[in-house]
């Protein structure tokens, strides 16, 4: 999921939720499980981007380790960790059918965006 989500510019959970849903689990379980898997994907992705940018592409940008921007990392990681429980509470308070439809619309928008970017690729 991580391998496929990077070129699309989306989180691996965007692919994980439908996959887990196809296995027959509820949307709430699919979102929670995918979020947990996303932690592993994020750590592996950050480490690989830091290593590949440093050693293979020789990226030398201020306040960055390879392709990982440290100020962004320092800001977004704690904010995400603090707000994740709030997001989980909100998801559990909304009807499962509504969440499924909202997520489907989100995936449709991501698909359209990716297709448009593909057509505009030079």
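The values are calculated or read from the model by the stated rules, or taken from the named source; none is laboratory data. Being a predicted model, the structure only gives us computed values, none of them experimental. Here Cβ is always computed from backbone atoms with ideal geometry, including for glycine, and neighbour counts include all displayed protein chains.
For the reader, a short list of remarks on this structure follows.
- Breaking point among (1) in a helix (DSSP H, G or I); (2) out of contact with any strand residue (DSSP E or B) (no Cβ under 7 Å at 6 or more places or on another chain); (3) surrounded by fewer than 18 Cβ atoms within 10 Å (Cβ to Cβ), for residue 54: (2)
- Scanning the stretch 1-30 for residues that are closer than 18 Å to residue 109 by Cβ, out of contact with any helix residue (DSSP H, G or I) (no Cβ under 6 Å at 6 or more places or on another chain) and modelled with pLDDT of 80 or more yields a count of 1.
- A Cβ distance below 9 Å, combined with a sequence gap of six or more or placement on separate chains, defines the contacts here; from the stretch 95-111, residues that are touching a residue at least 40 places away in the same chain (Cβ under 8 Å) reach residues that are outside any helix (DSSP H, G or I) and surrounded by 12 or more Cβ atoms within 10 Å (Cβ to Cβ) in the pairs 96/26; 107/10; 110/10.
- For residue 71, the conditions (1) modelled with pLDDT of 85 or more; (2) surrounded by 12 or more Cβ atoms within 10 Å (Cβ to Cβ); (3) under 23 Å from residue 44 (Cβ atoms) are fulfilled apart from (2).
- Scanning the stretch 74-99 for residues that are part of a loop (DSSP other than H, G, I, E, B) and surrounded by 10 or more Cβ atoms within 10 Å (Cβ to Cβ) turns up just one, 94.
- Residue check, residue 46 surrounded by 15 or more Cβ atoms within 10 Å (Cβ to Cβ), in a helix (DSSP H, G or I) and at pLDDT 85 or above: yes
- In this entry, residue 64 passes the filter for residues that are farther than 18 Å from residue 35 by Cα, in contact with a helix residue (DSSP H, G or I) (Cβ under 7 Å, 6 or more places away or on another chain), surrounded by 13 or more Cβ atoms within 10 Å (Cβ to Cβ) and modelled with pLDDT of 85 or more.
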